[in-house]
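Single-structure report; data block below.
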Amino acid sequence: MKTREWQHLFRAHAGLGKLLFSPTELANATGLPRNRVNVEMCRLVKSGVAVRYAKGLYGPADSAVTLEQLVCSLDPHAYVTGAYALMRHGLITQVPALVTVFTSRRHFRRITETPVGRIEFVSVRPPIYRGEVRALAGPELALCDFIHISLRRGMNPTSLVTFRRMSTLKQSLLDRIAKRYPATVRRHFSSMRSA
C-alpha cells in the first residue's frame, strides 16, 4: 500500500475513535499478510507517518493518543493509578516520571517504555485490585494506591509529593476504600488526615 492509503485508513478509523492498531488488526483491515504489514509499519515509522507505541501496537503520528488509551490497549484489565492519577485529578502538582498501573495479570515486561511515558505494571490481587475501574482510578482510590505502593517500596508517601486540595476528597468513600488495604496503609492514611 502507498503511504497516502495508510493515512486514509488511519483517518477513517480515527473518525470512529480507533487510534491504536495491532498488526493483525491492520492485516484484517487491508487484506495484506501480517508479515507484509510488519514491513509496512517499519517503513511508516521511519518516514514519520506512524508511531510504534509498544511492541505490536501502532498508531498514526498525528493522533493524540492518551496514556489511558494506551494502557487499555496494552492490558484491558489495567488501570492508571498512584501519582499520575493524583496529578490528573489535581491533588498533586508533580508529574511522575514513572506511571503506575495496577493489573490483575502478570506482565513479562514490568516497565514498558512508550512515546507517551514510562509505564510500570504492578500486579495486585483483590481487594486492592478493583476490576470495575476503567482507564483511570478515581482520586480516593488513587490516593490509597499511592500510599500502598510507596509503603511497599519502603518510602514515605508524604515526602515524595506535595498534596493539595485534599478537602475535595469524599471522606466516606475514602474510609470505605481504605478498609481494603493492609493495616500499615490505614495507619499512614490516619496520620496524614490528622496532620
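Quick notes on this one:
- Annotation note: of ALA183, ALA178, the sole residue that is out of contact with any Ser or Thr (no Cβ under 8 Å at 6 or more places or on another chain) and surrounded by fewer than 14 Cβ atoms within 10 Å (Cβ to Cβ) is ALA183.
- Residue in the range 59-79 that is touching an Asp or Glu at 6+ places or on another chain (Cβ under 7 Å) and free of Cβ contacts under 8 Å to residues at least 40 places away in the same chain present: no
- Residue ID - farthest from SER73 (Cα to Cα), chosen from residues in the range 1-51 that are of a type in the set (Phe, Trp, Tyr) and within 25 Å of the chain's Cα centre (by Cα): PHE10
- Inside the range 109-155, residues that are free of Cβ contacts under 8 Å to residues at least 60 places away in the same chain, closer than 25 Å to ALA54 by Cα, of a type in the set (Val, Ile, Thr) and outside any loop (DSSP other than H, G, I, E, B) make up a count of 4.
- First in the range 164-182 and in the same structural domain as ASP145 (by TED's automatic domain parsing), second anywhere and of a type in the set (A, V, I, L, M, F, W, C) and in a loop (DSSP other than H, G, I, E, B), Cβ under 7 Å, 6 or more apart: ARG164/LEU91; ARG165/LEU91; MET166/LEU91; ARG180/ILE128; TYR181/ILE128
- Check on ARG106, assigned to a loop (DSSP other than H, G, I, E, B), more than 13 Å from the chain's Cα centre (by Cα) and not small (Gly, Ala, Ser): yes
- The lone exception for VAL99 - which of (1) in contact with a helix residue (DSSP H, G or I) (Cβ under 9 Å, 6 or more places away or on another chain); (2) part of a loop (DSSP other than H, G, I, E, B) it fails: (2)
The values are calculated or read from the model by the stated rules, or taken from the named source; none is laboratory data. Because the structure is a prediction, the values reported are computed rather than measured. Neighbour counts are summed over all protein chains in view; Cβ atoms, including those assigned to glycine, are modelled from backbone coordinates with ideal geometry.
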